[in-house]
Every structure is written in structure tokens, then in C-alpha cells.
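Q: Have a look at this one before I ask anything.
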Amino acid sequence: MNNQDLFDEISSLRTEQNNPKSRFIDTGSTLEILEIINEEDKLVPLAVHKELPSIGKAVDGIVAAFRRGGRLIYVGAGTSGRLGIVDASECPPTFGTDYEMVIGVIAGGKEAVFRAQEGAEDSPQAGEDELTALNLTQKDVVCGIAASGRTPFVKGALDYAKSLGCFTIFVTTSSKDHIHSLNLAVDVAICPDVGPEVIEGSTRMKSGTAQKLVLNMLTTASMVKLGKTLGNVMVDLQLTNKKLKERAKRILMRICNIDYDTAEQYLRYSNGHVKTALVMILGAVDYEKALEILTSTGGFVRPAIEIAKNIQEDKL
């Protein structure tokens, strides 16, 4: 693509248009500037809501991949890449997942997380190479993230993933028509239309917020469907710091109606595994039996507790 073609393509992007509502933002007071930004930010969740059917299809594809031993791999550049890395890095402490289950890949490598690596996003081959280095297989899901929808690094990664038969997702604030025009064959395109940015072309703003909301949904809904929560409580958290240890005790105290010392004891008995402790306490079974029952339910706590209770009733 020559410079003129690139110029024309970028000029036509929804994310690059001028926002009439913020045209005179530089003349406003501090409060007026903030009000303009806030009013535009309010549009983001509404735009994401319209994409819920597509997000649902993506979640179902991710869950299916996880159940067959696959991974979710985010691929992006700049802000989009950083958002993928943030979402991936939060899954292990929040949901007790392996660090290889959800992975974030950014154009330019680790250095790009902290400092922009200019030009890193311009190579489709680099996107493919990153996935090759991860030993991508058909079992995996690749989710490309690009506000503009045109990032060559992301496109190269998605094309390669598709060639292997991977389930592919694209998160962008460009239109679905634009995605189709790029001949980007993905299984699910998630395209919240957030409108032009407050600062023209600054896709770290509304576009970035929309992408963050979508990624939150993709992993959170997938983990709920894998049994990583009991109701709306994260019961598969890893006790990797003092805060999480105390949170785990609070979860046991509240759900099981026990005191602090008893919660601490059961965390020791369960080797720091909240799910197991819950089944032990509420189902009145020992550690080994709790683990056995949890395995039989695929890690879902609610049915595991019911099975444990039924076992105790049968003994009476």
C-alpha cells in the first residue's frame, strides 16, 4: 500500500473523524473540558451493549476452546495490545488460571508495554511470527484488538490463526462494513461504534474504554461458565498476597457463617483452595472427598456442595 492509499484509508476511518461536540474544547474551563469528556464516555457502554450478541458468540467459542485445552491469545498494538496484556495478567490471581491459559501479545514485545515502539505494528509477518513462537494450534482462540481495524500486525496474526483453523475474534471500534472491506475473515467481529474521539484520533480514549469493557466481558463470562465463581464471588482466586488471603477468609466467613479463626483453619486444611474449603464446610466432607466431588462436577462449587450434602444424608 502506497502512502496515498494509506492516507485515504486512515482518513476514512470512523476513529479518525473530528468530533463536533469537542471542537472548541481548548476554550473551555477545566470543568467544561471534563464534562465534554464525560458526556462522550457515557456513549461507550451503550455502544458495547449493541454488540452483546457478538460478544456472546465469542464467549461460547472461548469456553469451548478452554474445555478442549486451548488458550485465549490476545494480539494488539499500542493501547490495544496493552489492554490485552492487562486482561490476561489479571486472570491467574482472580480466577486461579494457569498463566498460559490467557496470553497477551503486543507489537514490539515487552518494551512496548511501557514505551511506544514506533513502526512495530506495520508488519503482518511479525504478527504471524509471534503466534508461531507460541506454538499456536487449532485448539487455541486468537482475539485481535485494533481500534482502527487495519493494524497490519494484528491482521497478520489473525490470518495465520485462521489458516490453522483457530477460532478467531476481532475487537475493534471500526464498522463491520470496514472489516469486511479488509477481507479479514474472522469468526466473530465485535465492533462497538463509539463515534469520533474527543481528541481526534486519540483511540486510547473512548475506543480504549470500549475495548476494555469487551475484554472484561470475554474473560469474566468465560470464567463464570467454567465454574470459577459461586454466584458473583470469585472462589478460585490464588492466595498470592496478604490481601487475597484475607479476602479468601472473608469469603468463607460470609458464605459459611463462620468466624475468622475457623476460616483460617479451613484454608489451611484445604491447602489455600477456597472452592475446596467451601465444599468441606458446607458439605461436611473431608479434604479428599471434597476434591473428588469437585472433580466430578468439573469444578462447579454449587452442585459439588449439593452432592456432598446428599452423601451425608444417605449416611443417616
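Nothing in this text is a laboratory measurement; each read-out follows from the coordinates by a stated rule. Keep in mind that this is a model prediction, so the values were computed, not measured. Neighbour counts are summed over all protein chains in view; Cβ atoms, including those assigned to glycine, are modelled from backbone coordinates with ideal geometry.
Q: Please grab the % of Cα pairs in the chain that end up more than 36 Å from each other.
A: Across the chain, Cα pairs with separations above 36 Å total 31 percent.
Q: Residue separation times 0.36 nm, minus the C-alpha to C-alpha distance between ILE37 and GLU288: what's the value?
A: The ILE37-GLU288 span can extend by a further 84.9 nm.
Q: I've got another one for you. Taking Cα atoms, how many degrees apart are the long axis of helix 30-41 and the longest axis of the chain, rounded to 10 and kept between 0 and 90?
A: The helix 30-41 is inclined about 70 degrees to the chain.
Q: So, one more: Taking Cα atoms, how many degrees apart are the long axis of helix 206-225 and the longest axis of the chain, rounded to 10 and kept between 0 and 90?
A: 30
Q: Please sort 71-83, 235-247 by packing, taking for each peptide the average over its residues of neighbouring beta carbons within 10 angstrom, highest first.
A: 71-83, 235-247
Q: Run the count for the range 3-225, please: Lys pairs, Cα-Cα under 21 angstrom, 8 or more apart or on different chains.
A: Lysine pair count for the range 3-225: 25.
Q: Here is a follow-up. Going highest first, how would you order 149-157, 179-187 by mean Cβ packing within 10 Å?
A: Highest mean packing first, the order is 149-157, 179-187.
Q: Right, something else. Using a Cα distance threshold of under 25 Å, what count of lysine pairs results for the range 229-315 when pairs must be 8 or more residues apart or interchain?
A: Total qualifying Lys-Lys pairs in the range 229-315 comes to 12.
Q: Can you tell me the length gained on complete extension of the stretch GLU313 to ALA116, counting 0.36 nm per residue apart and subtracting the Cα distance?
A: That works out to 64.8 nm of additional length.
Q: For ALA77, which sequence-distant residues (separation of 5 or more, or a different chain) have an amide H within less than 5 Å of its own amide H, given hydrogens modelled in the peptide plane?
A: Those qualifying (amide H under 5 Å, at least 5 residues apart or on another chain) are ALA107.
Q: Skipping prolines and chain starts, which residues have an amide H placed within reach, meaning under 5 Å, of the one on ILE103, given they are 5 or more residues away or on another chain?
A: Placed amide hydrogens put LEU72, ILE73, TYR74 under 5 Å from ILE103.
Q: Arranged by the count of other C-beta atoms within 10 angstrom, fewest first, what order do PHE95, PHE114, PHE300 take?
A: So the residues, fewest neighbours to most, are PHE114, PHE300, PHE95.
Q: Give me D for the range 229-315 in µm² s⁻¹, whole number, from Stokes-Einstein with Rh from the Kirkwood sum over alpha-carbon pairs, 10 °C and 1.306 mPa s.
A: In µm²/s, the coefficient is 125.
Q: Quick one: if the Förster radius is 51 Å, what FRET efficiency do TYR99 and SER29 give, using the C-beta to C-beta distance and rounding to 0.05?
A: 0.65
Q: Fewest Cβ neighbours within 10 Å first, please rank GLU197, GLU306, GLU313, GLU121 accordingly.
A: GLU313, GLU306, GLU197, GLU121
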